[in-house]
Amino acid sequence: MNPNAVIELHDVAIFHSEDPFRSSGSRGMENLILSDIDLSVAPGELVYLIGRVGSGKSSLLKTLYAELPLREGYGSVVGFDLRRLRRKDIPYLRRRIGIVFQDYQLLTDRNVFHNLRFVLRATGWRNELQIRSKIAEVLDMVGLQNKEYKMPYQLSGGEQQRLSIARALLNNPQIILADEPTGNLDPAAADGIMKLFASIVSRGCAVLMSTHNISNIQQYPSRTLRFHQGKVAEIDLHSILGI
């Protein structure tokens, strides 16, 4: 076990349930999605998750940010034991990770600044000067300077995803979980997002990214996990793709 790992999983099984937070003693309607997962992710590491739709990539990510409870095996994310995690502790876990979705999930009724201010206020920030400073910092990191008063619909798809990444960075996460972050983008915008993730990783933040975009992996090669028939295995894309 790596004491410095931001994610540590051993003998993990992941189930899907219509009622995921019911008692673990009752599993009548649960379906096994993945089993025998062993995974360790270090700070500043980029790990790709690849596999067909429905292969369990999103289910793993949801387990890591506690949308799905972990019922079997050992799991630790940024120091939180997923088996012992109480509902009231979930917001504290999520303050230490960042989550990026394919469809951005922005607040469409408020501008860039207020999308980010909403998150900071919801996570305990009260000092307005510090809030403004932090928003300026993350917008600079993602290349959205001078866009703070734009509405989401006034941004391109790539800019909207940059805003969602800025949102994920607000509380200085140790890891970002990204679910198909380039799935809705054209190749040029997708490349810009990959460059941004590479910059984030270089600062010591780990990134776990599900993707179908093999060209991104070819251009930004890194450790890759394949989801297939209910199992997760590390593969050598260097030999498979010649990269």
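The calculated pair-distance distribution of the stretch 152-212 uses every alpha carbon pair, bins of 5 angstrom beginning at 0, and gives 4, 18, 30, 28, 14, 5, 0 percent. Extending 7 Å from the Cα toward the beta-carbon at both Asp109 and Asn172 defines two label points whose distance is 3.3 nm.
Could you give the angle, 0 to 90 degrees to the nearest 10, between helix 187-202's Cα long axis and the longest principal axis of the Cα atoms of the chain? Roughly 80 degrees between the two axes. The order of Glu30, Glu137, going from fewest to most other C-beta atoms within 10 Å of their C-beta, is Glu137, Glu30. Could you pull out the pairs from Lys147/Lys231; Lys57/Lys147; Lys62/Lys134; Lys57/Lys150 whose alpha carbons sit more than 31 Å apart here? From Lys147/Lys231; Lys57/Lys147; Lys62/Lys134; Lys57/Lys150, over 31 Å: Lys147/Lys231; Lys57/Lys147; Lys57/Lys150. Over the stretch 107-172, the pair-distance histogram of Cα-Cα distances with 5 Å bins from zero comes to 4, 20, 35, 26, 13, 3, 0 percent, rounded to whole numbers. Each residue of the stretch 102-119 was assigned a 3J(HN,Hα) from its phi angle through the Karplus expression (A = 6.51, B = -1.76, C = 1.60, θ = phi - 60°), giving 4, 9, 6, 6, 8, 7, 6, 9, 8, 6, 4, 4, 6, 4, 6, 4, 4, 5 Hz with x at Gly and Pro. Extents of the stretch 125-243, largest first, come to 50, 28, 25 Å (Cα atoms, principal axes, whole angstrom).
Take the alpha carbon atoms of the stretch 143-163, find their center, do the same for the stretch 68-140, and report the distance between the two centers in whole angstrom. Taking the Cα centre of the stretch 68-140 as reference, the centre of the stretch 143-163 is 19 Å away.
When the trypsin sites (Lys or Arg not before Pro) in the stretch 32-63 are filtered for DSSP coil states and for at most 16 other beta-carbon atoms within 10 Å of their beta-carbon, the remaining sites are Arg52. Mean-square fluctuations from a GNM of the chain, with a 10 angstrom spring cutoff on Cα atoms, peak among Gly230, Gly158, Gly98 at Gly230. Shape summary: the chain maps onto an equivalent ellipsoid whose semi-axes, from the alpha-carbon gyration tensor, are 29, 23, 16 Å in decreasing order. Going from the fewest other Cβ atoms within 10 Å to the most, the residues Asp38, Asp109 appear in the order Asp109, Asp38. Take the Cβ-Cβ distance between His228 and Leu129 as r, set R0 to 41 Å, and report the resulting FRET efficiency rounded to the nearest 0.05. The value I calculate is 0.20. In terms of other Cβ atoms within 10 Å, Met141, Met194, Met209, Met151 run from fewest to most in the order Met151, Met141, Met194, Met209. Each other residue within a Cβ distance under 14 Å of Ile176 adds +1 if Lys or Arg and -1 if Asp or Glu, for a net charge of +3.
Compare the Cα positions of Leu139, Ile14, Leu225 along the charge dipole of the chain (+1 at Cβ of Lys, Arg; -1 at Cβ of Asp, Glu; about the Cα centre) and return the one farthest towards the positive end. The listed residue farthest towards the positive side: Leu139. Can you tell me the relative contact order of the chain? Whole percent, Cα pairs under 8 Å, sequence separation 6 or more. This gives 27 percent for the chain.
Quick note: the coordinates plus some simple rules give every number you see, no bench work behind them. Owing to the predicted nature of the structure, the values given are computational and were not obtained by experimental measurement. Quick reminder, even Gly has a Cβ in these numbers, built from the backbone with ideal geometry, and neighbours come from all protein chains shown.
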